[in-house]
Amino acid sequence: MKLHIKSFLKAQEFLETEHYDSAISIISPTEDRCHQRDNHLIARFDDIEQMNYKDYIGPSKEQIKDIVMWDNLSEDQTILVHCTAGKSRSTAV
């Protein structure tokens, strides 16, 4: 599997110029902009260290299961994983 981890802006460039088989976007629950593509999983949660800290929302068990069990993954595919900055949530996945 070829794994590409990007920020939102770099993911947009990647999606326009590179071949990929599947994508996972991890964005804030309040974020309006999102890449909409085929074979695309979108998870909405904040970048936090503890669950439901103040007004922030952590990943639900269902979201974590969806990411781990993402059925569009295989060894010969190229996958893009991105969050806003491409440093915390996307690398955690």
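Computed from the coordinates by the stated procedures, all read-outs in this text should not be read as laboratory data. Please read these numbers as outputs of a predicted model, since none were measured by experiment. Because the Cβ atoms are built from the backbone with ideal geometry, glycine has one as well, and the counts that use them run over all protein chains shown.
Summary table
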{"item": "In the range 4-93, GluC sites (Glu not before Pro) in a DSSP loop with at most 15 other beta-carbon atoms within 10 Å", "result": "GLU18, GLU31, GLU49, GLU75"}
{"item": "Given charges at beta-carbon only (K, R positive; D, E negative), |dipole| of the chain in Debye", "result": "260 debye"}
{"item": "Within the chain, trypsin sites (Lys or Arg not before Pro) in DSSP loop having at most 16 other beta-carbon neighbours inside 10 Å", "result": "ARG33, ARG37, LYS54, LYS87"}
{"item": "Estimated inter-spin distance, ILE67 and ILE48, nm [label 7 Å along Cα→Cβ]", "result": "1.5 nm"}
{"item": "Net +/- balance of residues flanking SER7 in space, Cβ distance below 14 Å, scoring K and R +1, D and E -1", "result": "+2"}
